[in-house]
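Data block below; observations after.
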Amino acid sequence: MSHTPPASNREYHRQIADSLADSFLRRTLDKFAVEYRASRDKVFSEVAERELIGRIAEVKDSAAKHIEDLYARFKQEAERRGAVVHRAADAAEACAIIAQIAAENGVKRVVKSKSMTAEEVGLNAHLKKNGIDICETDLGEWIVQLRGEGPSHMVLPAIHLSRDQVADEFEKATGEKQDHEDVQRLVKVARRELKPKFHEADMGLSGANFCIAETGTLAIVTNEGNGRLVNTLPRVHVALAGLDKLVPTIDDALTALQVLPRNATSQRITAYTTFIGGAGPCAKSPTGRKILHIVLLDNGRTKLAADPLFSQVFRCVRCGACANVCPVFRMVGGHRMGHIYVGAIGLVLTYLFHDRKIAKTLCQNCIGCGSCKAVCSGGIDLPALIGEIRARFSREDGAPLPARLASVAMKNRTVFHTLLKFMRFSQRPVAGTDGFVRHLPMALFGKHGFKSLPALAPKSFREQWPTLERRPAQPKMKIALFAGCAQDFVYPQHLKAAMKVFAAAGVEVVFPMTQTCCGLPLSMLGETATAKEVARQNIAAFAGDCECIVTLCASCASHLKHGYVRLLGAEAEAFAAKVIDFSSFVHDKLGRDVLRLQPRPEKVAYHASCHLCRELGVKEAPRELIRRAAEYVPSKEEESCCGFGGTFSAKFPEISAELMRKKLENVTASGATRLVLDCPGCAMQLAGGADRQKLNLRVTHIAELLADALAIGLE
Amino acid sequence: MDTEKFIERAQAVAARVSRAADEEAVAHLIAEDQTRFGAENVGVVRAACGIAETGTCVVITDDEETRLKTMLPEVSVIVLRADDIVPNLADTAAFLRERQSGDRISYTSFITGPSRTADIERVSAIGVHGPLDLHIILLEG
Ligand code: SF4
Ligand code: SF4
């Protein structure tokens, strides 16, 4: 796997195809994804995870606001302890400052410990150009340096390589035959080869995890022990770090240190955490003191600190967790998911620090599953940042045709719904095109092959509404139903099943006819103005009196509840507060005695839709309902993404298909004959896949399972 | 309580832990290691405190010699008084701040288990650039 950034979309798809065909990479990343989850859960169970993450976010947000004060304090404190602190405006200046320090001190040989910031500025190449020999000493970094590649993961730089490939590289480097099986022996090779380098070097180069302003202290986290050798043995030590590494106090660093190693490698703490407070004694230095330079890099960071949305990236502690849990990373690996930094944050930083053109291609490759946000050490809303980058591209470079058409069509509900009816009556069926039916106008454009696609229903839910029973004799409560395009026009059976459940529980239902698409696809396409307009139409449509606004679509629910408040602020709050997803409504608002179910002799598996389990945090309600309606059989990785992701499955069908295959494999292994879910998008993906693969598996909405299990006879 | 937790957590990251009742017992344990591995392969230092939550030894390594003793020899021995164990990582804040008070220059090492890597196929390997073996001698009473 080479590490050239894609020059075009087409090239990017070629690179993705190579990654998907790399069976070693696939096996490794699959195994990693599963094992990481388990070990992470275990090591976080001992601490107050959300509270610590909240504190990191608070500290870092405040650091971003007071960046100049922190810098001044840090510089003063570090310099009174014998260090020299530099500030580099950009990558070129950072390289020049470090080359200058090297020249002034007659440095010929440099040993380096891990620093993503050095990768960011291209330091190795610059020093090499200046005739300086620079050697990576972190094992993974050394391996990728020998191969002339960049790291494919921020914490595990060589995760894409097999021991066999590593042994090959070591044979070239040492000129000796190497063991191709025994990893322990390969590690010893690195120990032996690199040991003399530490002793010969004139300069040690490191990064820093935290720059503590109150005392001018560097905190550095490592496992291999190379980091401490790098900053101890040579007479000169240069630490390069971004301005975002500044924190006010020792306590702040210690807070973040409770999360960073847990998130990075599932360790409570790394083998070595080092606090360097100034230029201490050094035998090799002519002055008897260490020559210590600290270079703090701006490279766009002060501008970022002032950005209302993107200042969040200051919270990043480079733990790499956002790659570890990302379903796309799992499929394609880090070299396909970021220019220097990889994973979710890599997509964002490629845009902010590196190349807009590369970023434009790479940022499309996010399915929006929210897994990264759920584990991020700083609680960064990564999918929102990635979405905003996409939106900026379409605003600045002009929206692609489908987005513009969607925007025009959906601005006016009557036009939009007429268009849908036209599509149904036209002989060219929607099935066979994209299948992105929840975001229907897109259905006119894409292509697909790995799953069967549903056709539009002969009669939409709104057309059937007048004939449906919706007011029980003695209603216990009154709700309004939000249909969402996909269920209104493709899966009216989901809504009809829900109507049966509501009727059985004595719930009166109103269906405001002027409701329209929730607008999520518009937001995702960057059509913010139309998204706002559509949101206002829906808020007006649901102005009438009702206790809850219930929807059977997890994506709509999350957009109505969170997206509207993001778009419109206070104006949407009363509406948003009433929105509830179907499973939570049935579980939380209707008691067991109100809705009586007769468990069916059926093995039922559950797929937790991304928007439900992460965006809305609804986890137990649907599982509890399944237990009441049938035999619930847990399956592996219930909360991993099905691969639908709205426009994603049209843009990256090759990745979408793999995610779907994995999901169905886990479900079938559970022995279930029915799979239930809470989202028509997931239904489309998984029902289509199950049909295509001819599996003995019914895929239904959870409302359909409950309707089947209604204990009518008991009433 | 903290001592037991410390031992469990240190052993979980592949440290060897011995208990010693007095200085004499400490000296005896060190001599044993020196005989077993060769005196030049054993580096001995004293910890300022320990952290139960993580099984960590906190070592003042301001001077190079002490620092190198924890890095270069294949066997690293750290003597820690059981009374100096604090419950959590966050409890070391005051100690760290004191070490930097005024113009003081310091270098503090939090050491947890022998050096390790998982950089090749995520296989855990002990002993990369630092010690292959970390022996913690807990001095009790
Ligand atoms: S939202 Fe999901 S797909 Fe997108 S970067 Fe985060 S984890 Fe990856
Ligand atoms: S964005 Fe969050 S999860 Fe990703 S590396 Fe940074 S801190 Fe870790």
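If one computes the Cα centroid of segment A:349-397 and of segment B:31-99, what distance in Å separates the two points? Value for the Cα centre distance between the two parts: 43 Å. Rounded to the nearest 0.05, the FRET efficiency derived from the C-beta distance between A:Ala543 and A:Ala72 at R0 = 51 Å is 0.45.
Rg to Rh for chain A: what is it, with Cα atoms only and Rh by Kirkwood?
Details: Rg = 28.0 Å, Rh = 27.4 Å.
We get a ratio of 1.02 for chain A.
Full extension of the chain between A:Asp168 and A:Lys478 gives 104.6 nm of extra length, using 0.36 nm per residue less the Cα-Cα distance. Note on A:Asp381/A:Arg289: beta-carbon distance plugged into 1/(1 + (r/R0)^6) with R0 of 60 Å gives a FRET efficiency of 0.85. Taken along the Cα-to-beta-carbon direction at a fixed 7 Å, the label points for A:Arg600 and A:Arg462 span 3.0 nm. Count charges around A:Asp138 for me, please; just the other residues with Cβ under 10 Å from its Cβ, Lys/Arg as +1, Asp/Glu as -1. Surrounding charge for A:Asp138 is -2.
Considering only chain A, what is the antiparallel percent among its DSSP beta bridges, to the nearest 5?
Working: 10 of 55 bridges.
Rounded to the nearest five, the antiparallel share is 20 percent.
Partner shielding of B:127-137 amounts to 5, given as the average count of beta-carbon atoms from other chains within 10 Å of each residue beta-carbon.
Counting only other chain Cβ atoms within 10 Å of each residue's Cβ, the peptide B:86-99 averages 4.
Each Lys and Arg adds +1 at its Cβ and each Asp and Glu adds -1 at its Cβ; summed about the Cα centre, segment B:1-132 shows a dipole of about 300 debye. Once the dipole of chain A is set up with Lys and Arg at +1 and Asp and Glu at -1 on Cβ about the Cα centre, which of A:Asn299, A:Ala605, A:Thr4 lies farthest towards its positive end? Comparing the listed Cα positions along the dipole, A:Ala605 ranks first. Here the calculated FRET efficiency for A:Val510 and A:Lys694, from their Cβ-Cβ distance with R0 = 41 Å, stands at 0.50, rounded to the nearest 0.05.
Compute the signed sum of charges (Lys and Arg +1, Asp and Glu -1) over the other residues within less than 15 Å, Cβ to Cβ, of B:Arg36. Mind dumping the intermediate values first?
Numbers: positive: B:Arg16; negative: B:Glu32, B:Asp33, B:Glu40, B:Glu74, B:Asp133.
Taking every Cβ under 15 Å from that of B:Arg36, the sum is -4.
For the residues of A:195-203, the average number of beta carbons from a partner chain within 10 Å of their own beta carbon is 1. Distances between placed amide hydrogens fall under 5 Å for A:Val699 paired with A:Leu675, all partners being 5 or more residues away or on another chain. Leaving ligands and nucleic acids aside, the A/B contact buries around 5000 square angstrom of accessible area in total at a 1.4 Å probe radius.
For segment A:442-590, lysine pairs with C-alpha atoms less than 21 angstrom apart, excluding pairs fewer than eight positions apart on the same chain, total 18. Listed cross-link partners A:Lys129/A:Lys195; A:Lys60/A:Lys619; A:Lys636/A:Lys662; A:Lys290/B:Lys69; A:Lys108/A:Lys284 are compared with a 20 Å cut-off, the Cα-Cα value being larger for A:Lys129/A:Lys195; A:Lys60/A:Lys619. Taking the C-alpha atoms only, the angle from helix A:492-504 to the longest principal axis of chain A is near 70 degrees. Summarising the strand pairing of segment A:199-256, around 35 percent of its internal DSSP beta bridges are antiparallel.
Net charge within 9 Å of B:Thr54 by Cβ-Cβ distance, Lys/Arg positive one each and Asp/Glu negative one each, not counting B:Thr54 itself? Don't skip to the answer; put the middle values down first.
Numbers: positive: A:Arg268, B:Arg9; negative: B:Glu53.
Charge balance in the 9 Å sphere: +1.
Between A:Asp90 and B:Glu4, the modelled labels are 6.1 nm apart [label points 7 Å from Cα along Cα→Cβ].
With a cap of 11 neighbouring Cβ atoms within 10 Å, and only residues DSSP puts in a loop, list the trypsin sites (Lys or Arg not before Pro) found in segment A:640-715. Walk me through the intermediate numbers first.
Numbers: sites: A:Lys651, A:Arg661, A:Lys662, A:Lys663, A:Arg674, A:Arg692, A:Lys694, A:Arg698; in loops: A:Lys694.
When the trypsin sites (Lys or Arg not before Pro) of segment A:640-715 are filtered for loop state and at most 11 Cβ neighbours within 10 Å, A:Lys694 remain.
Using a 1.4 Å probe on the protein heavy atoms, what percent of the accessible area of segment A:603-709 belongs to carbon and sulfur? Kindly include the intermediate steps, with their values, before the conclusion.
On the way: 1520 of 3210 Å².
About 47 percent, which is the carbon plus sulfur part of the accessible surface.
One chain, two ends: A:Arg395 and A:Glu35. Fully extended at 0.36 nm per residue, the span grows by 125.6 nm beyond their Cα-Cα distance.
How big is the Cα convex hull of segment A:603-709 in projection, averaged over all directions, in nm²?
Working: hull surface 24.1 nm².
Averaging across all directions leaves 6.0 nm² for the Cα convex hull.
How big is the antiparallel share of DSSP beta bridges in chain B, given as a percent to the nearest 5?
Details: 9 of 28 bridges.
Percent antiparallel among DSSP bridges in chain B is about 30.
The values are calculated or read from the model by the stated rules, or taken from the named source; none is laboratory data. A quick note: this is a predicted structure, and the numbers were derived from the prediction, not measured. Using ideal geometry, Cβ is built from the backbone for each residue, glycine included, and neighbour counts are taken over all protein chains shown. Just so you know, the surface numbers come from the protein's heavy atoms only, side chains and all, with ligands and any DNA or RNA stripped out. Shrake-Rupley method; radii C 1.70, N 1.55, O 1.52, S 1.80 Å.
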